[in-house]
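Following: one structure in structure tokens, then a few remarks.
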Amino acid sequence: MPRMQRMKSTSGILRRLVLATVLLGLALPALPQAAGYTVEIIVFRNGTDEGALADSSARPGFTGADVVATTVASRKLGGSVTRLNNGGLRVLGHAAWRQAPTPFPQTTAALRLRRGVSATQLGVPGITGKVIFERGTYLHLGVDLLVEDRGKRYRITEVRQVKADEIHYFDHPAIGVLAIVSGD
């Protein structure tokens, strides 16, 4: 191949490579980002003491509260705090954070040791335990919280499949949790 033809083919390949790189750079922001989701919860009390743990019951231990989260400003449930307080309920805590979901447990033993974000890390006073956020085929959100309020203790434990951008309510006779998971 003569030298002139080799230079043309090399410069043509180089131009195509530069064009492909530029197009890829423009397309990347449109690809879904795997940085995580925003999870937001509100923990509140109603007036009843129903479902309180016995004074003699042992304080539960929480394992697997080891997921690191980044606290963010409230996004979607901010107006709910006012409505709950005005509706005769008492908000005990409100937190929002970003995290990547942990893998959904595949074994029975792993189900008992689900990982989550600790309530202490979220800065919710009077509440210990963890909030679980997992992804398998579907998203799963759960709470395993011990709430101490006015000398009584209450434990709410529930995990369920959730859809992003829908408000979910976790129920207990004396405690309620509103939660939402938001994708970007």
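The values are calculated or read from the model by the stated rules, or taken from the named source; none is laboratory data. Remember, it's a predicted structure, so these values are computed and weren't measured experimentally. We place every Cβ from the backbone using ideal geometry, glycine too, and count neighbours over all the protein chains shown. Surface accessibility is based on the protein's heavy atoms, side chains included, excluding ligands, DNA and RNA. Shrake-Rupley method; radii C 1.70, N 1.55, O 1.52, S 1.80 Å.
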### Query
Here are ALA119, ALA179: which of them is of a type in the set (Gly, Ala, Ser), modelled with pLDDT of 95 or more and within 30 Å of GLU50 (Cβ to Cβ)?
ALA179
### Query
Restricting attention to the range 98-116, does a residue exist that is under 21 Å from ASP149 (Cβ atoms) and open to solvent by 60 Å² or more (accessible area, probe 1.4 Å)?
no
### Task
Quick one: which residue in GLY126, GLY151 is over 16 Å from the mean Cα position of the chain (by Cα) and open to solvent by 60 Å² or more (accessible area, probe 1.4 Å)?
GLY151
### Task
Could you please let me know if GLY88 is more than 19 Å from LEU178 (Cα to Cα), touching a residue at least 12 places away in the same chain (Cβ under 8 Å) and either loosely packed, with under 12 Cβ neighbours inside 10 Å or not β-branched (Val, Ile, Thr) (or both)?
no
